[in-house]
Amino acid sequence: MSADTYDSRGLVHLKMGQPDAAIDDFSSALRFDPKLASALYGARDSPAQERRQAGGDADISAARSIQAGIDDDFMRYGVRVSN
């Protein structure tokens with residue numbers, strides 16, 4: 001699979017209320033592409049991320065630096081970051 005595939009599936013898991021599966025897929029996407037803004041952002045947005053807080057705020061900042069407007073993109077997907 002590719003980074004984009006894992007990233008997309010992570011978003012689906014996030015929307016389906018499966019935060020652990022979302023984190024796993026976003027993490028896999030980041031192994032392929034460590035600067036994939038949507039995976040950085042999505043991984044931080046997952047409720048499971050609260051258990052993995054270290055680096056979460058940095059991931060959001062990095063995602064916003066890489067892709068301006070990522071907050072708006074995720075809001076269109078029906079996902080809102082909690083920071």
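Side notes on the structure shown:
- Take the conditions (1) at pLDDT 85 or above; (2) surrounded by 15 or more Cβ atoms within 10 Å (Cβ to Cβ); (3) in contact with a Leu (Cβ under 8 Å, 6 or more places away or on another chain); VAL79 misses just one of them, which is (1).
Yes/no matrix, rows are residues, columns are (1) closer than 22 Å to GLY78 by Cβ; (2) surrounded by fewer than 15 Cβ atoms within 10 Å (Cβ to Cβ); (3) at pLDDT 90 or above:
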residue	(1), (2), (3)
ARG9	yes, no, yes
GLN18	yes, no, no
SER28	no, no, yes
LEU36	yes, no, yes
GLY42	yes, no, no
SER46	yes, no, no
ARG51	no, yes, no
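The values are calculated or read from the model by the stated rules, or taken from the named source; none is laboratory data. Keep in mind it's a predicted model, so treat the numbers as computed, not measured. In this analysis, Cβ positions are derived from the backbone assuming ideal geometry, glycine residues included, and neighbour counts consider all displayed protein chains.
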